[in-house]
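Asks: Structure incoming, see below.
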Amino acid sequence: MPAPLRAVTLTESFVSTTHALTTLVEWFLPPALRDANPDTVRRAKLCVAYNLAVPIWAPGFGVLLWVLGQPLIGAIILGASLLTPLPLIVLRRTGSLVLTGNVIASIMSVVTVICTWLEGGLGAPGVLWFPLVPILAMLIAGRWTGVAWTAFNVLVLLGFYVLRRFGHAPVVGIAPDTLALLHMSLGASATIVGFLLASLFESLKADALSHLEAANRALALARDQAEAATRAKSDFLATMSHEIRTPIHGIFGMTELALDTTDDTERRDFLNRTRACAETLLAIINDILDFSRIEAGKLELASSAFDPRGLVDGVLDTLTAHVNAKNLELLGWVDETVPARLLGDAGRLRQILINLVGNAVKFTDDGAVTVRLEAAGRDPDGAFLLRGTVEDTGIGIPANQQAAIFEAFTQVAGWTTSTHGGTGLGLAITRRLVGLMGGDMQLESTIGIGSRFTFTVRLGTAAAAATPAVELGGRRILVVDPNPLSRSHVAEQLRSQGAAALAAGDAAEALETLARTRAASLDALVVNPPVPEAERKAFVAGLRGIPQLARVPCVALVTRLHVSGDPTFEEFAAVVPKPVKRATLVAAVGKVFVRAAAAAS
Ligand code: ADP
C-alpha cells in the first residue's frame, strides 16, 4: 500500500488539496514506482500532482488573456493545458521520471517561448515564466535535467536579446495599461508557483531528514541491542569458562596425585591420557575466553619493556618438545635492526608467535620452521614497526581456503581436522591480536611446499643496558649442515657477529667450498650431525679426513634425541642444544676460541 500524502505544509496542500486529488495522485502513480525508494515516490507524486493542477489553473489564465485582448496567446495556453494527459501517459507507460520531467519541461518551455515572442520578446511578461521551467525539471527529473534546462532557457533569452539588438525582435503591440496588468498577473502567478515549488522542495527535504533521523534511531537501537547481546554473551562465556577451569585444575591435581601412587604401566598410561585431555580442554577454554574478550572489546594490552631475542628463544623452547619427534629444524632469528629492548605487550606477542609457530610445527613433518623478527620502519607517529615472519615447509593451505582460516572455528576442510585436532580459533585470535597491536597479517602458501605468515605490530622502543658483545670478527668458521635452511640460518647468525662463515651440506661440499674459497686455515667447524651415534661419528670422521679440517675445533648442534642415551661427545669441543639460539651459539663458539688461545699460549 503506498503511503497517503501528508497535508501539513502549504506545498502539500498544493499536492493534495482534496481527498479526491490525493486518490487521483495515488491512482496515477505507475505500479512500477510504488515500491521505489521514498525520494523517487515523492518526485513521482509531485509530477502527477503538477499535471493534475495544470488543467485547473491554466484554462483560467488563458481566458484572462483572451479577455485582455490577447486571443492568440490565450488560445495557446488553453491548447497547452489540453496536453497535460501526455506526461501522465508517458509516466504510466515508461515509469521514467527523467523522460516525463523532460516532456513537462518541453511543453512549458515551448509555450513560454512562443507566448513571450508573440507578446513582443524581452519586454513581454512571459519572460517572468522562464525560471520556473528548470526548477520544475530539476524537482521531477533530477539535477542534470535541471542543469540542461537552465542552460537552454539562458540561451533562448540570449537569442531574444541578439535578435532585438539586430532589429529582428517583434514590437510589443499591447497597450501600456494592459501590458502592466499582464505583467502583474503573470508576475504574481510565477511568484506563487515559484513559492509552491520552493516550499515543496523544503517539505521534500524535511521529509527526507525525518526519514534519515528515523533510520538513525533504528540503527542506534539495533546497535545498542547488539552491544547488549555481545556483552551478555561475553559475560556468559567468561563466567562459564571460569567455572569450567576450576574443575579442570582439580582433574590436573588429582591425576598428578594418582600418578604418584601407581607404577602400573597401564594405569599410568590411562592417567597420562586423562591429563592430556584436560590440557586440551584447558587450551580450548582459554582460546574461547580470549576470543570472547577480544570480540567484546574487553581485551586490554599491557605495556612493559621486554627483550625480543629472549622472547623468541622462549617460544622456541616451548615448542621444542613437539619438534623432536619429527625430522624438523626449528629456527629463530631476530634481525640486527630490532632494538635490544622493546615496549609493548610481550605476553600477547608471545601468544601470536606460539600460535603461528605451533601451527607450523603441527602441519610440517620434515624440513624447517623458521621464525624471524625484523624492523619494518616507523609509522607516521614514530612508533617502531616490528615485522614477524613464520615460515614452514609443511603441507600448505589451498588458495581457496586461505581467507577463511582466519575466521573463528574454521579449519582447512576435511583433511587436517581429523588428523591434527584443534578448534580453529588460533588464527582468528592471532589476527585480532595483531589488529589490536596496530598491525595486519598476510599469508602466502602453496600446497606441498609450505606456508608463510607475515605480520606487523606497532611497538615502542626502550633504552637497553649495553651487553658486552662476544667478538667473532674475522674468524673463519665452516658450517656443515645437511638441512639448507638451518645451514644458512646458523651461518647468518655467525656472520651477524662478524665471523666470516662458509657453509656446506656435507664433507664433499665442504671440500669443494674450501677449494673454491682457497681457504688455507679455518678457526672452527660448526656441524649439525645425524642423531644415531654411528652415523654421527662417520659424519665427523668424513670431515676430519679433509686436511684443512683435521684439527679445527668442532662445535655440534644437538637435539634432545642426541642426548637421550646420555652419550659422550668427545669428538666435539662444545655442543649447542637445538633449537639454536644466537646467544648460546656465539657464546659456545667464543668459549672454544678462548680455550684454543689458552692452550696455544
Ligand atoms: P587450529 O589450529 O586450532 O585448528 P587455527 O585457527 O590456528 O586453528 O588454524 C586454522 C586452520 O588453518 C588449521 O586447522 C589448519 O587447517 C590451517 N593452518 C593453519 N596454519 C597452518 C600451516 N602453517 N600449515 C597448514 N595449515 C595451516
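The values are calculated or read from the model by the stated rules, or taken from the named source; none is laboratory data. Remember, predicted model here, so these are calculated numbers, not experimental data. Cβ coordinates were reconstructed from backbone atoms using ideal geometry, including for glycine residues, and neighbour counts include every protein chain displayed. Ligands, DNA and RNA are stripped out before the accessible areas are found, and what is left, the full protein with its side chains, is counted by its heavy atoms. Shrake-Rupley method; radii C 1.70, N 1.55, O 1.52, S 1.80 Å.
Asks: For the chain, what does the accessible surface come to per residue with a 1.4 Å probe? Please give it in Å². Spell out each step's value before the answer.
Replies: On the way: 30430 Å² over 601 residues.
So the chain comes to 51 Å² accessible per residue, rounded to a whole number.
Asks: Could you work out how far apart the two model spin labels at L72 and D224 are, taking each label as a point 7 Å from the Cα in the direction of the beta carbon, and quote it in nm?
Replies: 7.0 nm
Asks: Let me ask something additional. For V576, enumerate residues with amide H under 5 Å from its amide H, sequence gap 5+ or separate chain, H modeled in the peptide plane.
Replies: A556, L557, V558
Asks: Evaluate the distance, in nm, between pseudo-label points positioned 7 Å from the Cα of I447 and of W144 along their respective Cα→Cβ axes.
Replies: Each label point is offset 7 Å from its Cα along the Cβ direction, giving 4.7 nm.
Asks: When the accessible area of the chain is split by element with a 1.4 Å probe, what percent falls to carbon and sulfur? Spell out each step's value before the answer.
Replies: Working: 19070 of 30430 Å².
Carbon and sulfur together cover 63 percent of it.
Asks: Hey, if you put +1 on the Cβ of every Lys and Arg and -1 on every Asp and Glu Cβ in the chain, which of A596, V357, Q442 ends up farthest toward the positive end of that dipole?
Replies: Checked the options; the winner is Q442.
Asks: I've got another one for you. Would you please put 498-509, 128-139 in order of how densely packed they are, using the mean number of other Cβ atoms within 10 angstrom per residue and starting with the highest? Display every interim value, and only then the final one.
Replies: Details: 498-509: 17.9, 128-139: 21.2.
Peptide ranking by packing, descending: 128-139, 498-509.
Asks: What is the helix-to-structure angle for 38-67, meaning the angle in degrees between its Cα long axis and the longest Cα principal axis of the chain, kept from 0 to 90 and rounded to the nearest 10?
Replies: Compared with the principal axis, the helix lies near 20 degrees.
Asks: Shifting gears a bit: In whole Hz and in residue order, list the ³J(HN,Hα) couplings for the range 333-342 that follow from phi through the Karplus curve 6.51 cos²θ - 1.76 cosθ + 1.60, θ = phi - 60°; x for Gly and Pro.
Replies: 8, 10, 5, 4, 5, 8, x, 5, 10, 10
Asks: If you don't mind, there's one more thing I want to ask. How much length would be gained if the chain were fully extended between K298 and M254, taking 0.36 nm per residue of separation minus their Cα-Cα distance, in nm to one decimal? Please list the in-between numbers first.
Replies: Working: separation 44, 0.36 × 44 = 15.84 nm, distance 3.35 nm.
That pair, K298 and M254, stretches by 12.5 nm at full extension.
Asks: Between R267 and A321, how high is the FRET efficiency from 1/(1 + (r/R0)^6) when r is the Cβ-Cβ distance and R₀ = 41 Å? Nearest 0.05. Don't jump to the answer; show the numbers that get you there.
Replies: Working: r = 24 Å, r/R0 = 0.57.
Once the sixth-power term is evaluated, E becomes 0.95.
Asks: Let me ask another. Cα gyration tensor of the range 94-201, axes a ≥ b ≥ c as square roots of the eigenvalues: rounded (a/c below 1.5), prolate (a/b > b/c) or oblate? Before the final figure, lay out the partial values.
Replies: Details: a/c = 2.60, a/b = 1.56, b/c = 1.67.
Taking the square roots of the gyration eigenvalues as a ≥ b ≥ c, the range 94-201 is oblate.
Asks: Heads up, I need the accessible area for K298: 1.4 angstrom probe, whole protein in place, Å², nearest 10.
Replies: So the heavy atoms of K298 present about 100 Å² to solvent.
Asks: Here is a further query. Can you give the FRET efficiency for A180 and A214, using 1/(1 + (r/R0)^6), R0 = 60 Å, r = Cβ-Cβ distance, to the nearest 0.05? Walk me through the numbers on the way to the answer.
Replies: Details: r = 50 Å, r/R0 = 0.84.
Rounded to the nearest 0.05, the efficiency is 0.75.
Asks: Got a sec to turn the phi values of the range 263-269 into Karplus ³J(HN,Hα) couplings, 6.51 cos²θ - 1.76 cosθ + 1.60 with θ = phi - 60°, whole Hz, x for Gly and Pro?
Replies: 10, 5, 4, 5, 5, 4, 4
Asks: Let me know the Rg and Dmax you get for the range 80-149 when you use only its Cα atoms, in Å.
Replies: Gyration radius and largest Cα-Cα distance of the range 80-149: 12.8, 40 Å.
Asks: Follow-up question, since we're still on this one. To test your reading of the geometry: what angle, between 0 and 90 degrees and rounded to tens, separates the Cα axis of helix 507-517 from the longest principal axis of the chain?
Replies: Helix 507-517 sits at roughly 70 degrees to that axis.
Asks: Here's a follow-up. For A375, project a label point 7 Å along Cα to C-beta. Then give me every residue of the range 336-350 with its amide nitrogen under 15 Å of that point.
Replies: Label zone hits: 336-343.
Asks: Another question about this same structure. For helix 533-544, what angle does its Cα long axis make with the longest principal axis of the chain, in degrees from 0 to 90 and rounded to 10?
Replies: 90 degrees
Asks: Once the principal axes of the Cα atoms of the range 240-398 are found, what is the range along each, listed largest first in whole angstroms?
Replies: Principal axes ranked by extent give 60, 40, 34 Å for the Cα atoms.
Asks: Roughly what % of DSSP beta bridges within the chain run antiparallel, to the nearest 5? Working shown, then result.
Replies: Numbers: 27 of 51 bridges.
Once the DSSP bridges in the chain are tallied, antiparallel ones form about 55 percent.
Asks: Could I get the Rg over Rh figure for the chain? Both from C-alpha atoms, Rh via Kirkwood, rounded to two places.
Replies: That ratio is 1.32, to two decimals.
Asks: In debye to the nearest 20, how big a dipole does the chain give about its Cα centre with +1 on each Lys and Arg Cβ and -1 on each Asp and Glu Cβ? Walk me through the intermediate numbers first.
Replies: Working: 51 positive and 53 negative charges, 278 e Å.
For this selection, approximately 1340 debye.
Asks: If you plug each phi of the range 78-95 into the Karplus form 6.51 cos²θ - 1.76 cosθ + 1.60 with θ = phi - 60°, what whole-Hz ³J(HN,Hα) values come out, in order, with x for Gly and Pro?
Replies: Computed from phi, the couplings for the range 78-95 are 4, x, 5, 5, 6, 7, 4, x, 4, x, 5, 5, 4, 5, 5, 6, 9, x Hz.
Asks: Would you mind computing, in nm to one decimal, how far apart the modelled labels at T517 and L155 are, each placed 7 Å from Cα along Cα→Cβ?
Replies: A separation of 8.2 nm, rounded to one decimal place.
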